[in-house]
Amino acid sequence: MPVSLERDGEVALIVIDHPPVNALSREVRTALVTTLDEALQDASVRAIVLASAGPSFCAGADIREFEASPRPPHLTDIIQRLEDSTKPVVAALQGSVLGGGCELAAGCHYRVAASDVRIGMPEVNLGILPGAGGTQRLPRLIGFDAALGLMLEGKPRRIGDASVQGFADRVVDGDLRAAARGLAAELVEAGSIPRRTGSLPPPEWTPEIFERHSKEARKRRGEPAPEKIVAAVRRAIDMPFADAVAYARADFLALRDTVEATALRYAFFAERQAPKPGPEVPLGTPRPLAGAAVIGAGTMGQGIAIAMLDAGLAVTLVETAEAALARAEERIAAHYEESVAKGRIAATALPSIISRLRTGSTLDVVRDADVVIEAVFEDIAVKREVFAQLDAIAKPGALLATNTSYLDVAEIACFTRRPHDVIGLHFFSPANVMRLLEIVRTDASSPDALATGVALARKLRKVGIVCKGRDGFVGNRMLVQRTRECLFMLEEGASPRDIDAAFTDFGFAMGPLAVSDLAGLDIGWRNSNLRRQLRELGRDCDLLDRVVDMGRLGQKTRAGWYRYDEGSRKPVPDPVVEALLIEHSRARGIERRAVPATEIIERCLFGMVNEAARIVEEGVVSRPSDVDAVWLTGYGFPRHRGGPLFYADRVGLAQVLERIEAFRERFGNAYWSPAPLLERLVVEGRGLTSDTK
Ligand code: CAA
């Protein structure tokens, strides 16, 4: 039984036990109703404790059920029944208390929480709103401002956080159930009548609170849920409780069926499935992961070291240039000082973090490392030297990883006599922030080495996606298609702003050219694949080279595709670039024209989709949704669009193919020949992601 009932004197203990996260599936809801009725009808029971087995109280609704029509008993009704109970109900909260789980707790009369509890309303991340009374009960417990913050950010907060004060009546460190039982017994003893959250008056409010949150909600363009959340919470002011709950439930049901919510659910499962490669990639036993070494103390090396330190690992950072090493140490220290200043970590935690960082200027210091990650200059000769040395120095069984973006990992592995221990670990900059980690396997990589890479990704709390291949693996291989089309459209008549606006209107936080300016144009320029590809295509588009030659490297030189005012990150269109584009087009006899936003999106995204279909067909990833997980976690693809392949399916693969064929007519066969998988799926009337969940 997923829910059990025990009696302890006058107190009934109802326990939800539904691994892994006590999601409120229909089975759980049905059993909750049965046990609750039993406790309510039993005259010997005078108070109820609602608790859970496992690490978490409850992660909310069972998201998998959202694909089908809702089936009773509905959570809204169960919570109401709980709240209407004439016997006091005390929730015993531990671990994660999320979404419907948080609404369930809010419907109890009292809450006792373990001090590690994290409460959150992540519905917005799934494109819905709290539909089981949370929009009305949460504000009554923690105030409008805090409740709106929780619901709109969708991020859990620690129970000790000032913003969620009022949610728990007691926070305890010891035996949680005993504490909850103790409170229940006190209530019985005192003859207390239940304190119903729904009967509490709405908290104080000012119009400013709602205006501020509405403004934030409107910023999430293309997502209907945030504004609905603000409107639903506001009803607490001027609508009877039961009516406001009913309206919220109706909104929840309508939102649940939107394309955006479907995409967000798909994204949720795509990210969780991605680290589990299919049967074609056997994973062995992960090796120990206590000590790590990072070779190369540039921006990437520093970011990887910070990610490792954040995960509790001991890290040795190696850099042969002493000045660069000293600079890296300073930057890492400054990063942590800033984290303390911003309240992200406690000042008391700092010494222990910094004490785990060691540095060295020769490779000898990696001798004891369990995992060594090379993040040196992207040049095969440099990699050869590093890996040949590593082979001689690293301890047997150490995982040897390269952070290369485009080079062939199999070739790098052969610079050692232990290619089975070599994999790619492709981090994305800033490596301590970006959630994606491409775990690149070669034919020689051993199952244990791969399992260690997967375990490391999990330890770093990243989405680790096992892939193979060359030429940029998954993400960068597709990115090349987008960059190529951007350059071609710039010479055909689009301005940087036209291209970026099409992308931000689509839902990206930044357009591709503004992103290039942020990353540094010299980074893209060094990408030999793109330059080689353009040459091979016979289209002599040297725009990027010319911009770089002008010393315009992006934000760091305050000029790139845009110009930047002193101290500002805001891209401003620059007449110098406009003049360059006009002159470039004239020199090539190209008559500039306005490029419509639809064409910008189609050429960029469908080019990527076409390449992704090849990636899938070649078995670079285990399933199409892995491609979407890469773009969601590493490239800022708008989550409510699900990822490039999910998006292509929504457009309709037949239409995508038709556009690709039209582009082939216009631009030739060199890079617009449709991927065979795409053609096949269209013939079969199937989608790219329809077989995956
Ligand atoms: N429904 C269904 N499955 C869920 C789930 C949920 N709410 N939450 C987690 N799972 C599944 C995951 O898919 C995963 O399954 P697999 O092992 O098969 O891949 C498994 O539970 C473990 O999840 P994680 O890998 O994420 O485990 P974790 O320990 O890293 O994190 C967690 C645990 C913090 C609870 C995290 O899973 C999480 O944030 N879950 C989502 C919570 C959420 O969004 N809740 C709101 C649901 S909507 C709602 O409640 C509104 C309503 O209608 C009442």
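Scan region 292-306 and give yes if some residue there is open to solvent by 10 Å² or more (accessible area, probe 1.4 Å), modelled with pLDDT under 95, more than 21 Å from residue 76 (Cα to Cα) and in contact with a strand residue (DSSP E or B) (Cβ under 9 Å, 6 or more places away or on another chain), otherwise no. Taking every residue of region 292-306 in turn, at least one turns out to be open to solvent by 10 Å² or more (accessible area, probe 1.4 Å), modelled with pLDDT under 95, more than 21 Å from residue 76 (Cα to Cα) and in contact with a strand residue (DSSP E or B) (Cβ under 9 Å, 6 or more places away or on another chain).
With the structure loaded, tell me whether residue 191 is more than 31 Å from the chain's Cα centre (by Cα) and either near the ligand (Cβ under 10 Å from one of its atoms) or at pLDDT below 95 (or both) or whether it fails that test.
Working: more than 31 Å from the chain's Cα centre (by Cα): yes; either near the ligand (Cβ under 10 Å from one of its atoms) or at pLDDT below 95 (or both): yes.
Considered against the rule, which asks whether it is more than 31 Å from the chain's Cα centre (by Cα) and either near the ligand (Cβ under 10 Å from one of its atoms) or at pLDDT below 95 (or both), residue 191 comes out as yes.
Could you figure out which of (1) within 20 Å of residue 243 (Cα to Cα); (2) open to solvent by 20 Å² or more (accessible area, probe 1.4 Å); (3) within 12 Å of the ligand (Cβ to nearest atom) isn't true of residue 67? All conditions are met except number (1).
Confirm whether residue 196 is within 14 Å of the ligand (Cβ to nearest atom) and basic (Lys, Arg). Answer is no for this residue. Of all the numbered requirements in (1) within 26 Å of residue 261 (Cβ to Cβ); (2) free of Cβ contacts under 8 Å to residues at least 24 places away in the same chain, residue 125 misses one, and that requirement is (2).
For region 311-334, state whether one or more residues are of a type in the set (Asp, Glu), farther than 30 Å from residue 628 by Cα and surrounded by fewer than 17 Cβ atoms within 10 Å (Cβ to Cβ). Steps first, answer last, please.
Filtering region 311-334 down to residues of a type in the set (Asp, Glu) leaves 319, 322, 329-330.
Applying the additional criterion that residues be farther than 30 Å from residue 628 by Cα yields 319, 322, 329-330.
In the following step, the residues that additionally are surrounded by fewer than 17 Cβ atoms within 10 Å (Cβ to Cβ) were identified as 322, 330.
Yes, that holds for at least one residue.
Is one or more of the residues making up region 33-46 near the ligand (Cβ under 9 Å from one of its atoms) and touching a strand residue (DSSP E or B) at 6+ places or on another chain (Cβ under 7 Å)? The answer is no, given that none of the residues of region 33-46 is near the ligand (Cβ under 9 Å from one of its atoms) and touching a strand residue (DSSP E or B) at 6+ places or on another chain (Cβ under 7 Å).
In region 218-236, what count of residues is obtained for those that are more than 25 Å from residue 74 (Cα to Cα) and either touching a Gly at 6+ places or on another chain (Cβ under 6 Å) or open to solvent by less than 50 Å² (accessible area, probe 1.4 Å) (or both)? So that I can check it myself, show each step before the final result.
Here is the first cut: in region 218-236, the residues more than 25 Å from residue 74 (Cα to Cα) are 218-223.
Filter again for either touching a Gly at 6+ places or on another chain (Cβ under 6 Å) or open to solvent by less than 50 Å² (accessible area, probe 1.4 Å) (or both), leaving 222-223.
The qualifying residues number 2.
Do we have any residue at all in region 124-146 that's of a type in the set (Val, Ile, Thr) and out of contact with any helix residue (DSSP H, G or I) (no Cβ under 9 Å at 6 or more places or on another chain)? Let's see the steps before the verdict.
Residues of region 124-146 of a type in the set (Val, Ile, Thr): 124, 128, 135, 142.
From the residues that got through so far, the ones that are out of contact with any helix residue (DSSP H, G or I) (no Cβ under 9 Å at 6 or more places or on another chain) too are none.
No: zero hits.
Among residues of region 426-437 that are surrounded by fewer than 24 Cβ atoms within 10 Å (Cβ to Cβ), those with a Cβ under 8 angstrom from a residue that is in a loop (DSSP other than H, G, I, E, B) and among the aliphatic types (A, V, I, L, M), sequence gap 6+ or separate chain, pair up as 428/434. Screening residue 53 against (1) touching an Asp or Glu at 6+ places or on another chain (Cβ under 7 Å); (2) surrounded by 23 or more Cβ atoms within 10 Å (Cβ to Cβ); (3) small (Gly, Ala, Ser) leaves a single unmet condition, (2).
State yes or no: is residue 82 hydrophobic (A, V, I, L, M, F, W, C) and touching a His at 6+ places or on another chain (Cβ under 9 Å)? Don't jump to the end; show me each part of the working.
Values: hydrophobic (A, V, I, L, M, F, W, C): yes; touching a His at 6+ places or on another chain (Cβ under 9 Å): yes.
Judged against the criteria, residue 82 is a match.
With the requirement that a residue be touching a Gly at 6+ places or on another chain (Cβ under 8 Å) and under 16 Å from residue 474 (Cβ atoms), what does region 632-647 give you? Give the steps one after another, and end with the answer.
Looking only at region 632-647, we keep the residues that are touching a Gly at 6+ places or on another chain (Cβ under 8 Å), and these are 632, 634-635, 637-638, 640-641.
632, 634, 635, 637, listed by residue number.
The lone criterion from (1) assigned to a helix (DSSP H, G or I); (2) of a type in the set (Asp, Glu); (3) away from the ligand (no atom under 16 Å from the Cβ); (4) in contact with a Ser or Thr (Cβ under 8 Å, 6 or more places away or on another chain) left unmet by residue 280 is number (1).
Counting residues in region 507-519 that are open to solvent by less than 40 Å² (accessible area, probe 1.4 Å) and more than 24 Å from the chain's Cα centre (by Cα) gives zero. Can you tell me which residue is farthest from the ligand (Cβ to nearest atom) among those in region 112-125 that are outside any helix (DSSP H, G or I) and surrounded by 24 or more Cβ atoms within 10 Å (Cβ to Cβ)? So, considering only residues that are outside any helix (DSSP H, G or I) and surrounded by 24 or more Cβ atoms within 10 Å (Cβ to Cβ), the one farthest from the ligand (Cβ to nearest atom) is 112.
Of 272, 256, all but one fail to be surrounded by fewer than 19 Cβ atoms within 10 Å (Cβ to Cβ), of a type outside the set (Ser, Thr, Tyr) and under 26 Å from the mean Cα position of the chain (by Cα); the exception is 272. Scanning for something of a type outside the set (Ser, Thr, Tyr), within 27 Å of residue 504 (Cα to Cα) and outside any loop (DSSP other than H, G, I, E, B), does region 679-691 turn up at least one residue? Scanning region 679-691, I find no residue that is of a type outside the set (Ser, Thr, Tyr), within 27 Å of residue 504 (Cα to Cα) and outside any loop (DSSP other than H, G, I, E, B), so the answer is no.
Elements of the type helices (runs of 4 or more DSSP H) sitting completely within region 512-623 and holding at least 2 residues that are modelled with pLDDT of 90 or more and closer than 30 Å to residue 680 by Cβ: these cover 597-601, 607-617. One residue is enough: does region 388-401 have a residue meeting the conditions part of a loop (DSSP other than H, G, I, E, B), aliphatic (A, V, I, L, M) and on the phi < 0 side of the Ramachandran plot? Yes, some residue in region 388-401 is part of a loop (DSSP other than H, G, I, E, B), aliphatic (A, V, I, L, M) and on the phi < 0 side of the Ramachandran plot.
Residues that are open to solvent by 40 Å² or more (accessible area, probe 1.4 Å) number at least 3 in the following helices (runs of 4 or more DSSP H) confined to region 126-217: 176-190.
Can you confirm whether residue 6 is away from the ligand (no atom under 16 Å from the Cβ), open to solvent by 40 Å² or more (accessible area, probe 1.4 Å) and in contact (Cβ under 8 Å) with a residue 40 or more places away in the chain? Taking the combined requirement at face value, the residue does not satisfy it. Inspect region 16-29 for any residue being touching a residue at least 60 places away in the same chain (Cβ under 8 Å), open to solvent by less than 10 Å² (accessible area, probe 1.4 Å) and part of a loop (DSSP other than H, G, I, E, B) and give the result as yes or no. Yes, region 16-29 contains a residue that is touching a residue at least 60 places away in the same chain (Cβ under 8 Å), open to solvent by less than 10 Å² (accessible area, probe 1.4 Å) and part of a loop (DSSP other than H, G, I, E, B). Among the residues of region 350-373, at least one is under 21 Å from residue 453 (Cα atoms), acidic (Asp, Glu) and surrounded by fewer than 18 Cβ atoms within 10 Å (Cβ to Cβ). Of all the criteria given as (1) near the ligand (Cβ under 8 Å from one of its atoms); (2) under 22 Å from residue 227 (Cα atoms), the one not satisfied by residue 55 is (2).
Kindly provide the set of residues from region 126-136 that are over 21 Å from residue 241 (Cβ atoms) and either more than 6 Å from the ligand (Cβ to nearest atom) or more than 21 Å from the chain's Cα centre (by Cα) (or both), ordered by number. Show your work before the answer.
Just the residues of region 126-136 that are over 21 Å from residue 241 (Cβ atoms), to begin with: 126-127.
Selection gives 127 alone.
Among residues of region 78-104 being within 12 Å of the ligand (Cβ to nearest atom), outside any loop (DSSP other than H, G, I, E, B) and out of contact with any helix residue (DSSP H, G or I) (no Cβ under 7 Å at 6 or more places or on another chain), the one that is farthest from residue 123 (Cα to Cα) is 96.
Every residue in region 373-387 that is outside any helix (DSSP H, G or I) and in contact (Cβ under 8 Å) with a residue 60 or more places away in the chain, please. Before the answer, list the steps.
Pass one, region 373-387, residues outside any helix (DSSP H, G or I): 373-379.
Of everything in region 373-387, those that are outside any helix (DSSP H, G or I) and in contact (Cβ under 8 Å) with a residue 60 or more places away in the chain turn out to be 373, 374, 375, 376, 377, 378.
Residue 406 fulfils the conditions (1) farther than 30 Å from residue 337 by Cα; (2) at pLDDT below 95; (3) open to solvent by 60 Å² or more (accessible area, probe 1.4 Å) except for a single criterion, (3).
The values are calculated or read from the model by the stated rules, or taken from the named source; none is laboratory data. Every value quoted in this text rests on a predicted model; they were computed, and no experiment measured them. Methodologically, a virtual Cβ is constructed for each residue, glycine included, from the backbone with ideal geometry; neighbour enumeration extends over all protein chains shown. Just so you know, the surface numbers come from the protein's heavy atoms only, side chains and all, with ligands and any DNA or RNA stripped out. Shrake-Rupley method; radii C 1.70, N 1.55, O 1.52, S 1.80 Å.
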